[in-house]
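In what follows, a structure is listed as structure tokens, so that the remarks can point back to it.
The values are calculated or read from the model by the stated rules, or taken from the named source; none is laboratory data. Given the structure is predicted, the values throughout are model-derived calculations rather than measurements. No Cβ is skipped: glycine too gets one built from the backbone with ideal geometry, and neighbour counts run over all protein chains shown. In case anyone asks, the SASA skips ligands and DNA or RNA and just uses the protein heavy atoms, side chains included. Shrake-Rupley method; radii C 1.70, N 1.55, O 1.52, S 1.80 Å.
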Amino acid sequence: MELSKNYIPAQAESKWYKHWLDKQYFKSVPDHRKAFTVVIPPPNVTGVLHMGHTLNETVQDILVRKARMSGFNACWVPGSDHASIATEAKVVHMLKEKGIDKNTLSREKFLEHAFEWKEKYGGIIYSQIAKLGCSVDWDRTNFTMDDHYYKAVIKVFVDLYEKGLVYRGARMINWDPSAKTALSDEEVEYKEIQGKLYHVKYQVAGTGDHIIIATQRPETIMGDTAICVNPTDERYKHLKGKHAIVPLVNRKVPIIFDEYVDKEFGTGALKVTPAHDINDYNLGLKHNLEIVDTLNDDGTLSEAAQVFVGLDRFEARKKAIEQLAAEGLLHKEEEYTTRLGFSQRTNAVVEPRISTQWFVKMKELAEPALKEVTEGRIKIHPGDKFLATYKYWLENVKDWCISRQLWWGQRIPAWYDKEGRFVVAETLEEAKVKFNQQYNIPEVWLTQDEDVLDTWFSSWLWPVEVFNGINEPGNKEINYYYPTSVLVTGQDIIFFWVARMVMAGMHYRNERPFEHVYFTGMVRDKQGRKMSKQLGNSPDLLELIDKYGADAVRFGIMISSPAGNDLLFDEASLEQGRNFNNKMWNALKLIRMWENRKAGPGQFQGNAPFAVEWFESRLNKVRTDVDALMAQFRLSEALKTIYSLVWDDFCSWYLEWIKPGFEQPIDTVVYNKTVYFFEQLMQLLHPYMPFITEELYHLIDEHQDDLCVKQFEPTQTADKKILEDAELLKQVITAIREARTKNQLKPKDQVVLHIQAASPEKYQAIESILAKQVNAAIAFTSEGIPNSIVVAVEKDKFFIATDQALDTAGLKDELLKDLEYQRNFLASVMKKLGNERFVQNAKAEVVDLERKKQADAEARIKTIEESLANL
């Protein structure tokens with residue numbers, strides 16, 4: 001088979017993914033092996049993979065493929081999240097485009113449209129996961145609205161209610177006027193914005209006096225039910241028992257005294273609006289104040305506002321300012337920096353609102369979840385960065401508002417009679433039985449709560465319920481696959497999802513849901529900006545795969561992804577991945593060219609050639625290093641190590657060292673070893689770049705097995721002496737080649753290379769490769785060779801003798817430049833070693849390295865000085 005000039009990704013990708021699926025390599029069933037379980041963080045069902053997902057999915061696939069090739073029963077569960085707020089918003093928008101208003105539909109009809117939408121768009125993200133090469137068990141695909149999952153969520157709600165951990169109550173909550181739903185505290189993002197502080201005059205009733213009050217929100221003035229000042233504030237003591245007149249609506253309200261007010265802030269007087277501020281609400285409860293809710297659920301002004309009714313809150317703000325100014329009640333305006341809460345889902349400014357909602361008591365659930373991490377049973381990577389965040393959240397946990405005023409999601413299983421009395425039960429039939437038991441009413445008309453549960457209330461059960469662990473707690477699968485091995489996720493959902501999964505796992509399984517949590521960094525563009533549709537800096541994954549190939553995309557995102565840190569995405573790294581593909585492709589073509597030039601086995605006598613022994617040791621060393629790095633989740637560093645092994649050690653050095661001369665044969669043993677090394681490299685790289693490695697594995701030789709499930713061999717110990725000899729060889733070859741180039745000695749012109757070394761025997765194993773690589777006849781000497789080019793490597797000297805006339809003036813200039821550089825370098829090293837704090841506090845190996853640098857620099861300086869004397 002003739003190979004194409006370059007690797008063509010699309011052909012290999014479609015071929016091998018289908019082959020792996022046909023062979024059921026990704027399918028997992030419980031057996032005698034140890035399980036390695038990963039559950040995918042379920043992306044929104046209507047979404048597409050962005051670069052953050054791409055990083056996340058690639059990391060998971062690397063870990064899963066490595067485990068599958070290391071003797072584990074690897075099980076990677078895919079799935080998607082119903083994403084109540086986001087999906088409902090998209091369905092409402094779709095209906096609006098068809099001229100249909102959600103409010104004209106029944107709940108059942110709306111849900112029909114929502115499921116149609118899910119069926120139409122829900123598969124997009126799965127096809128992208130497959131295109132990336134992810135080795136998920138497709139037979140295990142879960143969706144958080146699947147029948148078994150829906151049932152599990154309802155079961156958990158009822159159970160927690162019966163345990164007193166779920167309750168219903170009127171509280172000040174976060175309200176999203178765009179989605180018209182309550183939000184939990186964690187779904188609100190705070191941003192610093194430049195606003196204005198308006199100083200407004202409130203008349204003291206029955207007098208000509210005014211109190212000036214500063215407010216950021218004049219549109220809520222109509223909801224004021226008191227003025228509050230500090231009892232120790234001398235300026236206002238004379239107002240005890242008095243009332244004030246609320247501007248715009250002329251409502252008479254009491255002036256109250258409370259130490260909550262900071263008399264140093266603003267004017268020291270506070271307007272109290274219990275319906276629209278959590279602190280005012282608490283003051284209102286304490287002083288028994290009236291609550292006037294001036295806003296509708298869509299953020300427009302309600303009838304209770306009396307003025308500007310029906311206007312949007314921000315439009316009403318403008319009108320209120322105009323009227324206050326016209327009535328002479330606006331004392332002044334000033335610029336003011338404030339923190340404002342925005343809905344994570346819709347980006348609408350969130351309103352504090354008193355509302356009857358459902359809540360989960362979190363303190364009892366949080367304690368075991370905190371212990372699992374602080375006592376080391378769940379390990380967070382990188383721990384130094386995210387452990388503190390996890391602890392902070394759980395030590396300061398608040399009750400979780402779990403009801404949402406939506407239709408798409410698990411409907412709250414609370415059942416009400418006409419009087420508003422309710423029971424909680426999984427079904428209507430069970431509810432009627434409970435109602436009769438509780439209220440002694442046998443026949444009753446019950447209606448179900450209109451609200452649905454927060455999406456996170458379903459996804460916190462993910463590691464348990466994907467194995468049906470809530471509905472069937474003792475089943476074979478949950479007992480085999482749980483707890484899972486590692487969770488890979490984004491740092492932005494530490495509390496939303498990670499901590500809550502630990503709570504649910506501990507509560508329902510009394511066991512951690514995963515052993516390790518690996519937090520990926522945020523993917524940013526090369527200017528450091530967060531990727532977003534608005535900025536237009538988030539590339540289309542499928543377009544990138546079409547352009548570079550899936551392996552190059554995986555390579556590009558991993559090579560620039562230091563553990564847990566944000567990564568700056570640049571297409572140049574994908575270009576690097578594509579170049580790497582072609583480098584390996586060309587290495588394959590070179591090796592295959594030698595196949596018909598093999599000479600009978602065992603042509604060399606005694607030990608295998610140095611190059612073969614060296615690469616065997618180098619391969620073992622890298623395999624050991626990669627295993628250690630991957631165990632620490634330093635996946636980017638592991639990839640860089642493999643990349644260097646393939647590109648530098650194998651392609652640039654090893655293949656050059658064993659390459660036969662023009663029309664010369666290659667020893668069969670060397671050739672077979674080279675094929676073996678190439679296969680080992682493909683296996684080592686396979687978890688990162690599965691398609692090209694599988695393709696090359698089958699092209700280098702005829703194989704009945706597949707790399708995807710080929711088990712790693714036990715790692716052998718590397719020969720340290722051979723590795724050191726090879727490093728010396730590489731340094732010498734590089735230094736001699738540079739000297740030849742500087743002195744315009746053509747590579748084809750042979751020279752004599754005299755080596756002056758304290759231990760000439762160390763060159764015995766590498767002499768033949770050195771001679772071939774620098775095109776030189778080699779001799780050993782105990783003294784300098786006059787009229788030669790002198791090169792120093794560590795403490796050894798190399799004299800290049802040639803018949804060609806040397807440019808001594810040019811040589812002298814080069815030596816003087818090198819001498820100056822070496823002296824400056826030595827000075828910097830000596831400065832560091834002269835620093836007592838450095839020598840005392842640095843690790844011993846770091847100090848030893850600096851001392852080696854000193855010795856090497858001193859030796860090079862001496863060599864250069866002798867060379868100058870010889871000219």
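Okay, here's what the table says:
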{"quantity": "Karplus 3J(HN,Hα) series, Hz, for the range 142-157 with 6.51 cos²θ - 1.76 cosθ + 1.60 (x for Gly, Pro)", "calculated": "10, 10, 5, 10, 4, 3, 5, 6, 4, 4, 5, 4, 5, 4, 5, 4"}
{"quantity": "Placed amide H near ASN142: partners under 5 Å, 5+ positions off or other chain", "calculated": "GLY79, SER80"}
{"quantity": "Relative contact order [Cα under 8 Å, 6+ residues apart], the chain, whole percent", "calculated": "12"}
{"quantity": "Principal axes of the range 477-599: Cα extent on each, largest first, Å", "calculated": "66, 47, 23"}
{"quantity": "Average accessible surface area per residue within the range 59-129, 1.4 Å rolling probe, Å²", "calculated": "40"}
{"quantity": "Cβ-defined net charge surrounding PHE314, 11 Å radius [Lys, Arg +1; Asp, Glu -1]", "calculated": "+2"}
{"quantity": "DSSP beta bridge pairing in the chain, given as percent antiparallel to the nearest 5", "calculated": "70"}
{"quantity": "Two-site FRET efficiency, GLU724 against PHE825, from Cβ-Cβ distance with R₀ of 22 Å, rounded to 0.05", "calculated": "0.45"}
{"quantity": "Other-chain or far-sequence residues with amide H under 5 Å of MET362's (modelled H)", "calculated": "ASP399, TRP400"}
{"quantity": "Candidate lysines for bridging to LYS385, where Cα separation is under 17 Å - those fewer than 8 sequence places away on the same chain excluded", "calculated": "none"}
{"quantity": "Angle in degrees between helix 808-833 and the longest Cα principal axis of the chain, rounded to the nearest 10", "calculated": "50"}
{"quantity": "Aspartates and glutamates whose Cα lies under 15 Å from that of LYS379, excluding same-chain neighbours fewer than 8 positions away", "calculated": "GLU511, GLU515"}
{"quantity": "Pair GLU515, LYS547: separation of 7 Å Cα→Cβ label points (nm)", "calculated": "4.0"}
{"quantity": "Estimated 222 nm signal from helices in the chain, with DSSP H stretches of n ≥ 4 weighted -39500 (n - 2.57), rounded to 500", "calculated": "-13500 deg cm²/dmol"}
{"quantity": "Rounded, prolate or oblate (a/c below 1.5 giving rounded, otherwise prolate when a/b exceeds b/c) for the range 403-483 by Cα gyration tensor", "calculated": "oblate"}
{"quantity": "Probe 1.4 Å, accessible area per residue of the range 315-433, Å²", "calculated": "50"}
{"quantity": "In Hz, Karplus ³J(HN,Hα) per residue of the range 244-250 (6.51, -1.76, 1.60; θ = phi - 60°; x = Gly, Pro)", "calculated": "10, 9, 6, x, 6, 10, 6"}
{"quantity": "Ratio of Rg to Rh over the range 519-569 (Cα coordinates, Kirkwood Rh, two decimals)", "calculated": "0.97"}
{"quantity": "Out-of-range pairs (alpha-carbon distance over 23 Å; input LYS196/LYS263; LYS720/LYS795; LYS271/LYS398)", "calculated": "LYS271/LYS398"}
{"quantity": "Carbon + sulfur, % of accessible area of the chain - ligands and nucleic acids excluded, 1.4 Å", "calculated": "49"}
{"quantity": "For the chain, the fraction of alpha-carbon pairs in successive 20 Å shells from zero, as %", "calculated": "12, 32, 29, 18, 9, 1"}
{"quantity": "Across LYS34/LYS155; LYS34/LYS621; LYS547/LYS583; LYS589/LYS673; LYS589/LYS640, pairs whose alpha-carbon gap is larger than 19 Å", "calculated": "LYS34/LYS155; LYS34/LYS621; LYS589/LYS640"}
{"quantity": "Restraint check, LYS131/LYS526; LYS23/LYS66; LYS5/LYS526; LYS15/LYS118; LYS363/LYS391, Cα-Cα greater than 20 Å", "calculated": "LYS131/LYS526; LYS5/LYS526; LYS15/LYS118"}
{"quantity": "Relative packing of 692-701, 819-828, 641-650, 552-561, which averages over residues the other C-beta atoms within 10 Å, highest first", "calculated": "552-561, 692-701, 641-650, 819-828"}
{"quantity": "Along principal axes, Cα extents of the range 28-151, largest first, whole Å", "calculated": "57, 32, 18"}
{"quantity": "Cα centroid of the range 283-335 to Cα centroid of the range 139-183, whole Å", "calculated": "34"}
{"quantity": "Proximal aspartates and glutamates relative to LYS432, as straight alpha-carbon distance under 17 Å, when same-chain residues fewer than 8 apart are discounted", "calculated": "GLU162, ASP417, GLU419, GLU443, ASP449"}
{"quantity": "Karplus (6.51, -1.76, 1.60) ³J(HN,Hα), θ = phi - 60°, over the range 669-683, in Hz, Gly and Pro reported as x", "calculated": "5, 5, 4, 4, 5, 5, 4, 4, 4, 4, 5, 5, 5, 4, 5"}
{"quantity": "Gap separating the Cα centres of the range 636-701 and the range 791-845, nearest whole Å", "calculated": "35"}
{"quantity": "Separation between Cα centres of the range 206-267 and the range 403-477, rounded to whole Å", "calculated": "46"}
{"quantity": "More than 18 angstrom apart: percent of Cα pairs within the range 140-268", "calculated": "71"}
{"quantity": "Between 0 and 90°, nearest 10: helix 500-509 axis offset from the chain longest Cα axis", "calculated": "90"}
{"quantity": "Average accessible area per residue (Å²) across the range 609-766 - probe 1.4 Å, nucleic acids and ligands excluded", "calculated": "43"}
{"quantity": "Value of relative contact order over the range 724-840, rounded to a whole percent, pairs C-alpha under 8 Å and six or more apart", "calculated": "26"}
{"quantity": "Between 0 and 90°, nearest 10: helix 278-287 axis offset from the chain longest Cα axis", "calculated": "30"}
